[in-house]
Amino acid sequence: MEFVNLPLVFLVGCALIALLAKKTGYSWYRFFFAVAVPAPLLLLALPHVLGVETASLTSVRLGAALLFPFAGLLLALRGKR
């Protein structure tokens, strides 16, 4: 299997979610930063909150990294009122 650059995939995914949000009436650049910026900060805080052993589990890190993009996707699909 070839190497996949996960941070690049994360940013491209956030950009696609932001473009979807633009179609539903949101500001795409604000939406992009609201989805992409909190995830690395949450990943940095995980060892302090959960402990090093729990925070190093792949499922915990993946869930933390996908939390804000998933929430953003749900918000983008909902549309602006």
(message) Rounding to the nearest 10 and keeping the result within 0 to 90°, find how far the Cα-based axis of helix 6-23 lies from the longest principal axis of the chain.
(response) 20 degrees
(message) Please give the Cα centre distance for region 12-28 versus region 31-61, rounded to the nearest Å.
(response) 23 Å
(message) With θ taken as phi - 60° and the coefficients 6.51, -1.76 and 1.60, list the Karplus ³J(HN,Hα) couplings across region 55-68 in order, rounded to whole Hz; mark glycine and proline as x.
(response) 5, 7, 5, 4, 5, 5, 5, 5, x, 5, 6, 9, 4, 6
(request) Determine the share of the chain's accessible area contributed by carbon and sulfur atoms, expressed in whole percent, with a 1.4 angstrom probe. (result) 73 percent
(request) List the relative contact order of the chain as a percent without decimals, with contacts defined as Cα pairs under 8 Å and 6+ residues apart. (result) 39 percent
(message) Name the residue from A45, G79, S56 whose Cα lies farthest towards the positive end of the charge dipole of the chain, charges +1 on Cβ of Lys and Arg and -1 on Cβ of Asp and Glu.
(response) G79
(request) Over the chain, give the accessible area per residue in Å² for a 1.4 Å probe, as an integer. (result) 75 Å²
(message) Using the crude model of +1 on Lys and Arg Cβ and -1 on Asp and Glu Cβ, and no other charge, please compute the dipole size for the chain relative to its Cα centre, in debye to 20.
(response) 600 debye
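The values are calculated or read from the model by the stated rules, or taken from the named source; none is laboratory data. Predicted model, so just to flag it, every value in this text is computed and none were measured. Methodologically, a virtual Cβ is constructed for each residue, glycine included, from the backbone with ideal geometry; neighbour enumeration extends over all protein chains shown. These accessible areas exclude ligands, DNA and RNA; they are computed on the full protein's heavy atoms, side chains included. Shrake-Rupley method; radii C 1.70, N 1.55, O 1.52, S 1.80 Å.
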